[in-house]
């Protein structure tokens with residue numbers, strides 16, 4: 001058998017079920033915020049990792065381009081040295097001048113590495129390979145020429161090779177190497193530009209990510225504030241419902257306990273009197289039995305509104321429950337004014353009430369009056385004294401006010417009907433003195 005659903009959990013807060021409550025919505029908002037946060041964090045992590053890898057690859061390519069450009073520069077210098085050695089060999093015939101330029105030394109160590117750099121570029125690879133071949137041939141031929149010069153014998157084959165190198169091969173190789181160097185410079189510049197663009201893209205992505213994070217935080221803050229305000233309004237509504245009678249809209253018993261305690265505390269501090277009236281409607285049960293509960297509810301709302309209109313702004317009217325009401329008058333009211341208020345209450349309640357369906361009903365009010373501090377210094381004591389006075393008023397014939405005292409019937413005040421002439425003077429002792437027996 002399924003568990004029964006409680007009315008509160010089924011109904012939730014006003015305006016929707018539990019899923020629409022501010023607490024549920026703020027919980028969903030927090031979950032969405034965390035999901036967005038982790039999404040941004042994941043995207044940022046992926047972006048940073050990708051950009052780091054791209055930057056690393058770009059840095060490696062730039063380093064390779066710089067290394068290749070350095071090797072090409074070394075190769076061009078080697079070709080220049082060979083060309084100078086050839087020219088010296090042909091025109092000066094002085095081995096001491098061109099012999100140092102034949103030796104390759106540390107420069108030739110870069111040639112194999114350069115060949116590896118240009119493996120994926122056929123034209124450049126062919127130029128480097130030819131340069132390495134001619135470097136070896138010319139170096140060998142010139143060394144042979146040096147030996148021949150020492151022996152006093154000149155080689156026509158060496159002379160022809162040297163002449164061909166000077167006129168054809170070395171100029172072509174220098175032009176090709178210059179083109180390679182220029183191409184490598186352009187490649188290096190393009191790779192540096194690409195690296196700069198990659199960095200700019202990373203910064204732009206980080207900026208957009210920051211903007212997105214800020215916008216998400218602002219949205220979450222705005223949504224959180226709105227939900228918090230709705231929660232405060234809902235809390236105020238719940239608090240109002242907790243302190244308000246749902247039928248008449250008047251304060252309820254809880255409100256009486258809180259406001260009554262404050263009023264008595266202030267009256268005690270200022271040494272003032274407070275009057276409490278307990279009002280009971282005579283004939284209300286008969287209206288309920290004759291016309292139904294809907295008519296009784298309408299009568300209670302109408303009577304409550306009438307009594308509210310007869311009181312001052314600072315006075316408190318409370319519905320205890322059923323057809324019982326409590327009136328609290330603060331210390332600014334004199335004894336005569338308190339009784340006049342009671343008289344107006346009796347008159348207001350006694351006027352006919354229009355019921356749903358066109359019928360009319362008339363009820364009367366029996367009122368028990370108790371005063372602070374004469375009858376009690378506590379709210380519960382005042383309610384008990386007023387209750388005794390109320391029953392004294394009912395025993396005396398209802399439709400009247402009776403003040404608490406040892407002989408409550410002796411202090412009955414029944415207002416004259418509106419058409420019955422003038423009202424007799426109200427003779428009553430001060431509120432802060434016990435009623436005479």
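Taking segment 369-382 as the range and being touching a residue at least 12 places away in the same chain (Cβ under 8 Å), in a loop (DSSP other than H, G, I, E, B) and within 16 Å of residue 265 (Cβ to Cβ) as the test, the residues that pass are 373, 377, 378.
For residue 366, the conditions (1) surrounded by fewer than 24 Cβ atoms within 10 Å (Cβ to Cβ); (2) in contact with a helix residue (DSSP H, G or I) (Cβ under 6 Å, 6 or more places away or on another chain) all hold with the exception of (1).
Residue-wise test of (1) more than 23 Å from residue 385 (Cα to Cα); (2) surrounded by fewer than 23 Cβ atoms within 10 Å (Cβ to Cβ).
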residue: 277; (1), (2): no, no
residue: 294; (1), (2): yes, yes
residue: 316; (1), (2): no, yes
residue: 319; (1), (2): no, no
residue: 322; (1), (2): no, yes
residue: 329; (1), (2): no, no
residue: 340; (1), (2): no, yes
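Any residue at all in segment 21-32 that's free of Cβ contacts under 8 Å to residues at least 12 places away in the same chain and buried (at least 16 other Cβ atoms within 10 Å of the Cβ)? Scanning segment 21-32, I find at least one residue that is free of Cβ contacts under 8 Å to residues at least 12 places away in the same chain and buried (at least 16 other Cβ atoms within 10 Å of the Cβ), so the answer is yes. Inspect segment 250-272 for any residue being farther than 23 Å from residue 377 by Cα, crowded, with 17+ Cβ neighbours inside 10 Å and touching a residue at least 12 places away in the same chain (Cβ under 8 Å) and give the result as yes or no. Scanning segment 250-272 turns up at least one residue that is farther than 23 Å from residue 377 by Cα, crowded, with 17+ Cβ neighbours inside 10 Å and touching a residue at least 12 places away in the same chain (Cβ under 8 Å). For segment 89-105, the criterion of a residue being at pLDDT 75 or above and either within 60 Å of the chain's Cα centre (by Cα) or surrounded by fewer than 15 Cβ atoms within 10 Å (Cβ to Cβ) (or both) is satisfied by no position.
The requirement of being at pLDDT 80 or above, exposed (fewer than 12 other Cβ atoms within 10 Å of the Cβ) and either in a helix (DSSP H, G or I) or over 41 Å from the mean Cα position of the chain (by Cα) (or both) is fulfilled nowhere in segment 228-240; no residue meets it. The condition (being under 57 Å from the mean Cα position of the chain (by Cα) and under 14 Å from residue 264 (Cβ atoms)) is satisfied by just one residue among 385, 361: 385.
The values are calculated or read from the model by the stated rules, or taken from the named source; none is laboratory data. Note that the structure is a prediction, hence the values are computed from the model and not measured. Methodologically, a virtual Cβ is constructed for each residue, glycine included, from the backbone with ideal geometry; neighbour enumeration extends over all protein chains shown.
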